[in-house]
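Undergrad: Below: one structure in structure tokens.
The values are calculated or read from the model by the stated rules, or taken from the named source; none is laboratory data. Model, not experiment: these values are computed from the prediction. Because the Cβ atoms are built from the backbone with ideal geometry, glycine has one as well, and the counts that use them run over all protein chains shown. In case anyone asks, the SASA skips ligands and DNA or RNA and just uses the protein heavy atoms, side chains included. Shrake-Rupley method; radii C 1.70, N 1.55, O 1.52, S 1.80 Å.
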Amino acid sequence: MRFLHTSNWQMGLRAVHAGAKSREVRAKRFEAASRVVDLAKKMKVDFILLAGDTFEHHDVDEVIVKRTVDILNRVTPIPVFVLPGNHDPWLPGGIWDRHSWKLVGPHVTLLTEATEVEPKNITALYPCPLTQKRSSSDPTSWIPHRAAGDRRIRIGVAHGSLDLLPDAVNFPIPKGRAESCGLDYLALGDWHGFFQHGKAVYSGTME
């Protein structure tokens, strides 16, 4: 089995820190996202995990949502699983209710519930969607332990801070969560750099 783990696209990022380069930074994010889906097709992955913060906030322009949807639709029929993060949490009237988002293809699944998902019969996904910007609660606390005889590949998908990272106070996640629950991989978003601790992995942001 082969899958691609990505996160923190943050489409609609204002990038004010970049000054005159802010427009270029925003454009580069679309280019990078396009390369991500091109890589997924080239590598013939079984599915893609987008572990939170696809969008910078709920008020991004419709054009940005449509361009993002167009990129995701290019990867069909590869399944894409999208997790709401703390910048784009799952809430009524948010970005996920936009008509422009509804144009995304059936190969894209928005992970809105903390419940087991089976994309393939050898795999179990454990999504941990966020419903608010900030919280001191562990979003992965619901993930069940591996049952005796369960030989499936078990993958958690979450957005938060491993408790060994600096300032890990927003959606804190125990550093040993993957191992304690019997996960084979914990796909994480939020930390703005590639980082791996055991079976917990941050994909990092596009920059």
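Undergrad: If amide hydrogens are placed 1.01 Å from N in the peptide plane, which non-local residues have theirs closer than 5 Å to the one on Ala124?
TA: Long-range HN contacts for Ala124: Ile153, Arg154, Ile155.
Undergrad: Now a separate question. Loop-only GluC sites (Glu not before Pro) in segment 57-145, please: DSSP not H, G, I, E or B, and at most 14 other Cβ atoms within 10 Å.
TA: On the way: sites: Glu62, Glu113, Glu116; in loops: Glu113, Glu116.
Loop-located and lightly packed - Glu113, Glu116.
Undergrad: Taking θ = phi - 60°, what integer Hz values does the Karplus form 6.51 cos²θ - 1.76 cosθ + 1.60 yield along segment 58-68, in sequence order, with x for Gly and Pro?
TA: 7, 9, 5, 5, 4, 4, 5, 4, 4, 5, 5
Undergrad: Show me, for segment 72-87, the HN-Hα J-couplings you get by feeding each phi into the Karplus relation (A = 6.51, B = -1.76, C = 1.60, θ = phi - 60°), rounded to Hz, glycine and proline as x.
TA: Once rounded to whole Hz, the list reads 5, 6, 5, 8, 3, x, 5, x, 10, 10, 10, 9, x, x, 7, 7.
Undergrad: Using a cut-off of 19 Å between alpha-carbon atoms, which aspartates and glutamates can reach Lys41, once sequence neighbours fewer than 8 places away in the same chain are excluded?
TA: Glu31, Asp70
Undergrad: Between Ser135 and residues 5 or more places away or on another chain, which pairs have amide H atoms under 5 Å apart, with H built 1.01 Å from N, and which residues are they?
TA: So Ser135 has HN proximity to Phe171.
Undergrad: Could you work out the helix-only [θ] at 222 nm for the chain, with each DSSP H run of four or more residues adding -39,500 (n - 2.57) and the total divided by the number of residues, to the nearest 500 deg cm²/dmol?
TA: Details: 3 runs with 38 residues, N = 207.
Rounded to the nearest 500, it is -6000 deg cm²/dmol.
Undergrad: So if I take the centroid of the Cα atoms in segment 69-114 and the same for segment 146-195, what is the distance between those two points in Å?
TA: For segment 69-114 versus segment 146-195, the Cα centre distance is 22 Å.
Undergrad: Of the DSSP beta bridges with both residues in segment 4-130, give the percent that are antiparallel, rounding to the nearest 5.
TA: Numbers: 1 of 11 bridges.
Counting DSSP beta bridges with both partners in segment 4-130, the antiparallel share is about 10 percent.
Undergrad: Shifting gears a bit: Output the peptides 193-206, 150-163 sorted from most to least packed, where packing is the average of other Cβ atoms within 10 Å over each peptide's residues. Please list the in-between numbers first.
TA: Values: 193-206: 17.1, 150-163: 20.8.
The peptides rank, most packed first, as 150-163, 193-206.
Undergrad: Antiparallel as a % of all DSSP beta bridges within segment 76-207, to the nearest 5? Intermediate values should be presented prior to the final figure.
TA: Working: 4 of 22 bridges.
Once the DSSP bridges in segment 76-207 are tallied, antiparallel ones form about 20 percent.
Undergrad: Measuring from label point to label point, each 7 Å out along Cα→Cβ, what is the Lys28 to Glu62 span in nm?
TA: Spacing of the two 7 Å Cα→Cβ label points: 3.0 nm.
Undergrad: Shifting gears a bit: List the relative contact order of segment 60-198 as a percent without decimals, with contacts defined as Cα pairs under 8 Å and 6+ residues apart. Spell out each step's value before the answer.
TA: Details: 232 pairs, mean separation 28.0, N = 139.
With pairs under 8 Å counted, the relative contact order is 20 percent.
Undergrad: What number of lysine-lysine pairs in segment 63-207 show an alpha-carbon separation below 30 angstrom, given a sequence spacing of 8 or more or placement on distinct chains?
TA: Total qualifying Lys-Lys pairs in segment 63-207 comes to 10.
Undergrad: Amide H to amide H under 5 Å from His5: which residues, 5+ apart in sequence or cross-chain, H placed 1.01 Å off N in plane?
TA: Leu49
Undergrad: With a 1.4 Å probe and every protein chain left in place, work out the accessible area per residue of segment 75-129 in Å², rounded to a whole number. Don't skip to the end; give the middle numbers.
TA: Working: 2370 Å² over 55 residues.
I get 43 Å² per residue for this part.
Undergrad: Can you send over the carbon and sulfur percentage of the accessible area for the chain, probe radius 1.4 Å, protein chains only? Before the final figure, lay out the partial values.
TA: Numbers: 5250 of 9930 Å².
Summing carbon and sulfur atoms, their accessible area is 53 percent of the total for the chain.
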